[in-house]
Amino acid sequence: MYTSWTCPLPGGGTSDEIALTFDQGRKHRLLVIPALFDEANKMRRHTVEVMRRLDLSGVDSFLPDLAGWNDSLAPLRNQTLEGWRAGIAAAIAEFQPSHVLTIRAGALLAPDGLPGWRHAPTGGKQALRAMLRARTIAAKEAGREETMEALQALGRSEGITLAGWQLGADMFAALESATPPENEMQAEIAQSLLGGGGLWLRAEPDEDPEQADAMAAIIAIALLGGDA
Amino acid sequence: MSGLAPSRGEIDTTLRAILCDVLGLDPDDVAEFDGDTGLFGHLPELDSMAVAGLLTEMEDRLDILIEDDDVDGEMLETYGGLLAFAEAKVVEG
């Protein structure tokens with residue numbers, strides 16, 4: 001079901017945000033940190049399909065929006081990577097998860113203290129590169145010449161809109177050097193374990209029930225296997 | 001994997017697999033692609049974001065680096081153009 005929660009904003013203040021939750025007060029509670037930007041749309045359905053399967057397996061899960069995501073009233077261009085990390089800390093206080101699952105660049109926001117999983121983690125540089133490239137290709141098609149270097153300079157100084165995502169200068173600069181933090185408690189779920197190609201690669205958002213089954217099974221077996 | 005560069009056949013196979021993943025097409029349909037099969041401008045799914053994803057995936061799986069200046073309409077217009085580009089990049093190393 002959908003609930004609202006209070007997400008902190010950079011520089012103080014808060015924003016009411018939506019969270020999708022499957023909460024029956026069960027023992028295992030999974031915080032889900034989704035893919036970011038362009039990949040967020042492509043991975044949304046897969047992410048929620050995994051949560052539905054975990055619910056049927058007896059695992060609670062929580063997918064909170066942070067400021068600037070989805071229906072948020074907070075403008076994306078005002079958000080920072082640090083602010084989102086603070087948002088995840090607040091979400092942990094709110095939903096009291098026992099484990100975390102990150103998808104793709106969501107791994108950049110992985111909290112230190114929770115065990116769990118990272119699906120095909122990727123860095124901020126890679127996330128930016130695909131979006132910068134989309135912009136240079138679109139510009140070329142439109143007969144304008146935009147170079148990667150000029151766009152990067154603009155991103156760092158003033159912020160930039162890439163593939164429709166309005167990134168502030170702080171966000172852009174932070175993404176350029178952000179890599180998923182090392183954490184031995186969080187196991188990687190490589191795409192090769194799920195069968196089929198990564199859904200974030202798809203030109204159009206898509207789903208694959210078999211991939212969702214595989215991912216939910218990996219998590220459910222690890223969580224519930226120890227309870228038997 | 002040995003340290004040798006992939007053969008032409010391997011590049012072809014890899015490129016078709018990437019197109020399957022990006023376009024969500026059945027491998028049997030992509031196997032039918034020939035040198036003249038139209039890509040960018042012909043397949044509605046292949047917009048600029050999809051092309052960006054395609055190029056990034058080619059870099060990863062073929063172990064090549066694609067510069068901005070390399071990307072032009074010709075290389076993306078047909079499957080044959082894209083394959084020739086990939087082969088040239090692999091040779092370049």
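Values for this structure:
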read-out: Check on residue A:176, part of a helix (DSSP H, G or I), without any contact (Cβ under 8 Å) to a residue 60 or more places away in the chain and either within 20 Å of residue B:27 (Cβ to Cβ) or within 14 Å of chain B (Cβ to nearest Cβ) (or both); value: no
read-out: Qualifying residue in region A:170-193 (condition: in the same structural domain as residue A:32 (by TED's automatic domain parsing), of a type outside the set (Val, Ile, Thr) and within 29 Å of residue B:44 (Cα to Cα)); value: yes
read-out: Residue match in region A:195-207 (condition: modelled with pLDDT of 95 or more, more than 10 Å from every other protein chain (Cβ to nearest Cβ) and over 20 Å from residue A:37 (Cβ atoms)); value: no
read-out: Scan of region A:163-173 for residues that are within 19 Å of residue A:74 (Cα to Cα), at pLDDT 95 or above and either open to solvent by 40 Å² or more (accessible area, probe 1.4 Å) or outside any loop (DSSP other than H, G, I, E, B) (or both), ordered by number; value: A:165, A:166, A:167, A:169, A:170, A:171, A:172
read-out: Some residue of region A:195-217 being open to solvent by 50 Å² or more (accessible area, probe 1.4 Å), in the same structural domain as residue A:80 (by TED's automatic domain parsing), hydrophobic (A, V, I, L, M, F, W, C) and farther than 29 Å from residue B:70 by Cα; value: no
read-out: Number of the exception - residue A:183 against (1) within 14 Å of chain B (Cβ to nearest Cβ); (2) touching a residue at least 24 places away in the same chain (Cβ under 8 Å); (3) part of a loop (DSSP other than H, G, I, E, B); value: (1)
read-out: Residue identified as under 20 Å from residue A:78 (Cα atoms) and within 14 Å of chain B (Cβ to nearest Cβ) among A:134, A:139, A:127; value: A:127
read-out: Of all residues making up region B:12-61, the number that are part of a helix (DSSP H, G or I), touching a residue at least 12 places away in the same chain (Cβ under 8 Å) and open to solvent by 60 Å² or more (accessible area, probe 1.4 Å); value: 2
read-out: Yes/no for residue A:131 being open to solvent by less than 60 Å² (accessible area, probe 1.4 Å), touching a Lys or Arg at 6+ places or on another chain (Cβ under 9 Å) and of a type in the set (A, V, I, L, M); value: no
read-out: Complete set of residues in region B:71-90 that are charged (D, E, K, R) and open to solvent by 40 Å² or more (accessible area, probe 1.4 Å); value: B:72, B:74, B:77
read-out: First in region A:152-171 and over 19 Å from residue A:70 (Cα atoms) and in contact (Cβ under 8 Å) with a residue 24 or more places away in the chain, second anywhere and of a type in the set (Val, Ile, Thr) and open to solvent by less than 60 Å² (accessible area, probe 1.4 Å), Cβ under 6 Å, 6 or more apart; value: A:170/A:80
read-out: Failed item, numbered, when residue A:145 is tested on (1) open to solvent by less than 70 Å² (accessible area, probe 1.4 Å); (2) facing chain B (nearest Cβ under 10 Å); value: (1)
read-out: So residue A:161, is it under 20 Å from the mean Cα position of the chain (by Cα) and farther than 30 Å from residue A:113 by Cβ; value: yes
read-out: Residue among A:137, A:160, A:221 that alone is among the hydrophobic types (A, V, I, L, M, F, W, C) and surrounded by fewer than 21 Cβ atoms within 10 Å (Cβ to Cβ); value: A:221
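Residues checked against (1) within 11 Å of chain A (Cβ to nearest Cβ); (2) modelled with pLDDT under 95; (3) more than 14 Å from residue A:202 (Cα to Cα):
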| residue | (1), (2), (3) |
| --- | --- |
| B:38 | no, yes, yes |
| B:44 | yes, yes, no |
| B:47 | yes, yes, no |
| B:57 | yes, yes, no |
| B:75 | no, yes, yes |
| B:80 | no, no, yes |
| B:86 | no, no, yes |
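The values are calculated or read from the model by the stated rules, or taken from the named source; none is laboratory data. Just so we're clear, the structure is a prediction, and the values are computed from it rather than from any experiment. Glycine gets a Cβ as well: all are built from the backbone with ideal geometry, and neighbour counts include every protein chain shown. Protein only, heavy atoms only, side chains kept; ligands, DNA and RNA dropped before computing areas. Shrake-Rupley method; radii C 1.70, N 1.55, O 1.52, S 1.80 Å.
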